[in-house]
Amino acid sequence: RIIDPYQMVNLNGDWYLFAYCHIRNEIRTFLISRIEDVEATGNSFEKDASFDIKEQLGFSFGIYTGKEKYTVKLKFDELAARYIREKIWHHSQTISEKNDGTIILTLRLNSIVEIQWWVLSWGDHVEVLSPAELRRGLAATASRCARRYKNRK
């Protein structure tokens, strides 16, 4: 594959390369540790002036990015709320305190892939209020998990 490397970043201890991919005709993200061999083409290139790593990662919850814009609203029970309010999870976050001790964490993201994994880690201490795509994805994942474990002895 021929790529034009734009930017390397370290995220959560892993190195990633953002590069224009000539096969896909778009900027793609490559995990450096998966690259098996490199060969210089001898060709030069001009970096796309519209590429901005802060824009690329600014509304992601990790390394996955997308073109959509999601407003994610998560309701945490009183037990989880104590931990959630102590940390900045994303630069876009807002926290709304409720009288019953629960909180609503709101995030603006461009991908729901990694937030789904994170929400799953909170088990039944969190409820997804929006977006509907995230609710449906979690319901489908929970159903598959339940079937898998129900059928094991």
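Suppose accessible area is computed on protein heavy atoms with a 1.4 Å probe; arrange Phe59, Phe76 from highest to lowest.
From most exposed to least exposed: Phe59, Phe76.
Only one residue of Trp89, Asn43, Leu31 has its Cα farthest out toward the positive end of the dipole of the range 31-153, where Lys and Arg carry +1 and Asp and Glu -1 on Cβ, and that residue is Trp89.
The H on the amide N of Gln7, modeled in the peptide plane, is under 5 Å from the matching H of Phe18, each at least 5 residues off or on a different chain. For Tyr70, the solvent-accessible surface computed with a 1.4 Å probe is close to 40 Å², ligands and nucleic acids excluded.
Residue ranking by accessible heavy-atom surface, 1.4 Å probe, largest first, among Trp117, Trp89 comes out as Trp117, Trp89.
Out of the GluC sites (Glu not before Pro) in the range 9-102, which ones are loop residues according to DSSP with at most 15 other C-beta atoms within 10 Å?
Sites meeting the loop and neighbour criteria: Glu36, Glu39, Glu46, Glu68, Glu86.
For the range 74-153, what % of the accessible area comes from carbon and sulfur atoms, probe 1.4 Å? All intermediate terms of the calculation are to be shown ahead of the outcome.
Values: 2680 of 5200 Å².
Result for the range 74-153: 52 percent of the exposed heavy-atom area is carbon or sulfur.
Scanning residues 5 or more positions from Ser130 or on other chains, those with amide H under 5 Å from its amide H are Lys73, with H placed 1.01 Å from N in the peptide plane.
Take the Cα of Leu31, go 7 Å toward its beta carbon, and the backbone nitrogen atoms of the range 43-69 under 19 Å from that spot belong to 57, 60-66.
Taking R0 as 41 Å, what FRET efficiency do you get between Asn10 and Asn99 from their Cβ-Cβ distance, rounded to the nearest 0.05? Numbers along the way, then the final one.
Numbers: r = 42 Å, r/R0 = 1.01.
The formula returns an efficiency of 0.50 here.
The trypsin sites (Lys or Arg not before Pro) of the range 1-60 that meet both conditions, a loop assignment by DSSP and at most 15 other Cβ atoms within 10 Å of the site Cβ, are Arg1, Arg24, Lys47.
Counting heavy atoms of the protein chains only and a 1.4 Å probe, report the per residue accessible area for the range 2-153 as a whole number of Å². All intermediate terms of the calculation are to be shown ahead of the outcome.
Details: 10550 Å² over 152 residues.
Here the residues of the range 2-153 average 69 Å² of exposed surface.
I'd like the trypsin sites (Lys or Arg not before Pro) in the range 70-135 restricted to DSSP loop residues with at most 14 other Cβ atoms within 10 Å, sorted by number. Passing sites in the range 70-135 are Arg85, Lys87, Lys98.
The values are calculated or read from the model by the stated rules, or taken from the named source; none is laboratory data. These numbers come from a predicted model, not from an experiment. Backbone-built Cβ (ideal geometry, glycine too); neighbour counts: all protein chains shown. Accessible surface areas use protein heavy atoms only, side chains included; no ligands, DNA or RNA. Shrake-Rupley method; radii C 1.70, N 1.55, O 1.52, S 1.80 Å.
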